[in-house]
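The values are calculated or read from the model by the stated rules, or taken from the named source; none is laboratory data. These numbers were taken from a predicted model, which means no experiment stands behind them. Every residue, glycine as well, gets a Cβ built from its backbone with ideal geometry; the counts of neighbours run over all protein chains shown. Heads up: the accessible areas ignore ligands, DNA and RNA and are worked out on the full protein's heavy atoms, side chains in. Shrake-Rupley method; radii C 1.70, N 1.55, O 1.52, S 1.80 Å.
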Amino acid sequence: LGHVQGSGLNRAATLLLMALLGLASGFINVPINALIQWRTPADRRGAVIALVKFALKFRAGLNLCHRLCADFQPSAVLGMGGFTSTSPILAGRKRKLPTFVHESNAIPGKANRLNGRLVTRVLIGFEECARFFPAGKCEVTGTPVRTSLTGRLDKAKALAAFGRSTGELAALGEA
């Protein structure tokens with residue numbers, strides 16, 4: 001999910017999670033076999049085992065999020081993006097809590113596009129990102145930055161931190 005690219009197994013796991021969440025949320029009603037194509041029977045066996053393991057781990061994570069919500073009693077759920085936000089968001093939805101996901105990139109990954117359909121509001125760093133989410137759900141908040149990064153740096157102190165002196169030229173990068 002999200003920014004994971006590459007192997008067919010990752011693609012199959014992504015499709016399964018999207019299908020499971022879609023079915024659970026009522027967004028889609030498509031047989032899972034229609035979403036995944038297998039090259040060989042061995043691919044199918046290995047992928048099915050991996051998908052079952054993935055589904056069990058996802059369910060265990062979701063159960064943990066339900067328990068944490070019950071214990072902690074939050075008033076809202078904020079996911080900071082990616083597939084790891086999905087379980088807390090679903091747990092919050094089940095408790096009828098306001099749910100939010102933050103997308104700090106200009107182009108969201110697959111996970112946040114899905115999470116954007118599940119949450120109450122999508123908090124975005126760039127206005128241009130709103131086109132990837134359901135209309136009316138987005139609010140431009142910018143991207144949170146530590147206050148230690150907002151002030152002006154003292155050039156001499158910064159150079160000293162790297163063992164350099166004022167007036168010395170430096171190039172940072174790979175050799």
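With a probe of 1.4 Å, find how much accessible area the range 55-175 has per residue, and write the answer as a whole number in Å². Walk me through the numbers on the way to the answer.
Numbers: 8300 Å² over 121 residues.
Per-residue accessible area for the range 55-175 comes out at 69 Å².
Count neighbours as other Cβ atoms within 10 Å of each site's Cβ, and list the trypsin sites (Lys or Arg not before Pro) in the range 96-132 that are DSSP loop with at most 15 such neighbours.
Of the trypsin sites (Lys or Arg not before Pro), the ones in loops of the range 96-132 whose Cβ has at most 15 other Cβ atoms within 10 Å are 96.
Please list the non-local residues whose amide H lies under 5 Å from the amide H of residue 80, H modeled 1.01 Å from N, same-chain partners needing a gap of 5 or more.
For residue 80, the qualifying residues are 102.
What list of ³J(HN,Hα) values in whole Hz, one per residue of the range 110-124 in order, does the Karplus curve 6.51 cos²θ - 1.76 cosθ + 1.60 (θ = phi - 60°) give from phi, with Gly and Pro shown as x?
These are the phi-based 3J(HN,Hα) values: 4, 4, 6, 5, 5, 4, x, 7, 8, 8, 5, 9, 10, 9, 10 Hz.
Can you check what the net charge comes to around residue 70, using other residues whose Cβ is under 12 Å from the Cβ of residue 70 (Lys, Arg +1; Asp, Glu -1)?
It works out to a net charge of +2.
How far is it, in nm, from the label point at residue 158 to the one at residue 76 when both lie 7 Å from their Cα along the line to the Cβ?
Taking the two extended label points, one gets 3.4 nm.
Extension gain residue 56-residue 96, at 0.36 nm per residue separation less the Cα-Cα distance, in nm? All intermediate terms of the calculation are to be shown ahead of the outcome.
On the way: separation 40, 0.36 × 40 = 14.40 nm, distance 2.42 nm.
Working it through step by step, the gained length comes to 12.0 nm.
Considering all alpha-carbon pairs of the range 45-100, what whole percent are spaced by more than 12 angstrom?
Details: 1007 of 1540 pairs.
Result: 65 percent of Cα pairs exceed 12 Å.
Over the range 71-175, what percent of the accessible surface lies on carbon and sulfur atoms, probe 1.4 Å?
Numbers: 4030 of 7240 Å².
Roughly 56 percent, rounded to a whole number.
The range 93-172: which chymotrypsin sites (Phe, Trp or Tyr not before Pro) are DSSP loop and have at most 12 other beta-carbon atoms within 10 angstrom? Display every interim value, and only then the final one.
Working: sites: 100, 126, 132, 162; in loops: 126, 162.
Hits after loop and neighbour filter: 162.
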